[in-house]
Amino acid sequence: MASKGLQPAKKDPECVKVVVRCRPMSRKEVEDARERIVEMNDKTGEITVRNPEADAREAPKPFTFDQVYDWNSQQSYLFETTAQPIVDSVLTGYNGTVFAYGQTGTGKTHTMEGQWEPPEMRGVIPRTFLHIFERIEQTHEQNFLVRASYLEIYNEEVRDLLSKDPKNKLELKEDADKGVYVKDLTSYVVKGVNEMENVLLAGKKNRSVGATLMNQDSSRSHSIFTVIIESSNEREDGSKHIRAGKLNLVDLAGSERQSKTGATGNRLKEATKINMSLSALGNVIKALVDNTSSHVPYRDSKLTRMLQDSLGGNTKTVMVA
């Protein structure tokens, strides 16, 4: 049933949520006879971790999160319970961010992108595209404008993945009205799911990836796919009311230990920059959820500066670890 217009989402008192997803063991891990030491309770949001080298009498350590997803979790269920509420709030004029965070090889890109075929394997990003245009199609008495951009942060350099020269370094600027923005970043108006998918696929071809001992196609940069949704409707007095929401879909490069990845040369330099920016992001998230902290260190990295207007305050953030 079509709705007349999208109503602003009710403010959620908990604007930053952390959920954890555990992937199945890889073929190599099965062949090496590895054992799973993690148990997950999706009813309570609790994870227990057992030390395989400890005495049998040592109790497993429990950790509690907003939601947990085990190795059997479906892509559709994860999207509906984590990303979809944020997408709905962006459609009504709020800002939101969905992160995938964790060590290299833990399945972040699978969670965010998945496989395009079969459809049930699609991740958060393609499902978001579909949901946005389904909601727009169902909404009357409002006009929408949807724009998309795609960038990466590689070695603390901002690059436009949709540019004719994607290796070109772009500048971060700050403006009283715009806030923090990327100068000369390419942005496309998209009118449907296919157009938005084409923007994503064009950018993916320019993404920085490389092989490590832990992952053959390890992401060597943080990527941010940004969707800006503007909506307008006419008030009873004939004036126009315009709302704008921004959604950041972030695929973070994996945190790494040099001893495990075997990184040397450029790979080691990349890993150092990756770990520094992830540490900065962790400090920002910690400051946001700590009510006693008066300072949020957004300026410690390009990643946190860029996402400043989509973290904390009246925005919603979900981190999938």
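The values are calculated or read from the model by the stated rules, or taken from the named source; none is laboratory data. Source: prediction; values computed, not measured. Note that each Cβ is placed from the backbone with ideal geometry, even for glycine, and that neighbours are counted across all protein chains shown. Ligands, DNA and RNA are stripped out before the accessible areas are found, and what is left, the full protein with its side chains, is counted by its heavy atoms. Shrake-Rupley method; radii C 1.70, N 1.55, O 1.52, S 1.80 Å.
Among Phe79, Phe133, which is among the aromatic types (Phe, Trp, Tyr), more than 15 Å from the chain's Cα centre (by Cα) and modelled with pLDDT of 90 or more?
Matching residue, one of Phe79, Phe133: Phe133.
For the stretch 66-95, which positions are open to solvent by 50 Å² or more (accessible area, probe 1.4 Å) and among the aromatic types (Phe, Trp, Tyr)?
Trp71, Tyr77, Tyr94
If I ask for residues that are closer than 26 Å to Asp177 by Cα, at pLDDT 80 or above and of a type in the set (Gly, Ala, Ser), which ones from the stretch 289-321 would you list?
Matches in the stretch 289-321: Ser301 only.
Just a yes or no: is a residue in the stretch 96-106 modelled with pLDDT of 90 or more and open to solvent by 40 Å² or more (accessible area, probe 1.4 Å)?
no
Only one residue in Lys286, Lys273, Lys269 is modelled with pLDDT under 85, farther than 23 Å from Val98 by Cβ, assigned to a helix (DSSP H, G or I) and charged (D, E, K, R), so which one is that?
One residue alone meets the criteria, Lys269.
Would you point out the residue of the stretch 146-186, among those that are under 17 Å from Lys204 (Cα atoms), out of contact with any Phe, Trp or Tyr (no Cβ under 9 Å at 6 or more places or on another chain) and open to solvent by less than 30 Å² (accessible area, probe 1.4 Å), that is modelled with the lowest pLDDT?
Pro166
Suppose we keep only residues that are touching a Lys or Arg at 6+ places or on another chain (Cβ under 9 Å), assigned to a helix (DSSP H, G or I) and open to solvent by less than 50 Å² (accessible area, probe 1.4 Å) within the stretch 107-145. Which one would you say is nearest to Val190 (Cα to Cα)?
Phe133
Just give me the residues in the stretch 137-159 being farther than 24 Å from Leu278 by Cα and touching a residue at least 12 places away in the same chain (Cβ under 8 Å), in sequence order.
Residues satisfying the conditions are Gln138, Thr139, His140, Glu141, Gln142, Asn143, Phe144, Leu145, Val146, Arg147, Ala148.
Please verify whether the stretch 164-183 includes one or more residues that are more than 24 Å from Ile242 (Cβ to Cβ) and either in contact (Cβ under 8 Å) with a residue 40 or more places away in the chain or assigned to a helix (DSSP H, G or I) (or both).
yes
Among the numbered conditions (1) crowded, with 20+ Cβ neighbours inside 10 Å; (2) part of a helix (DSSP H, G or I); (3) of a type in the set (A, V, I, L, M), tell me where Val30 comes up short.
(1)
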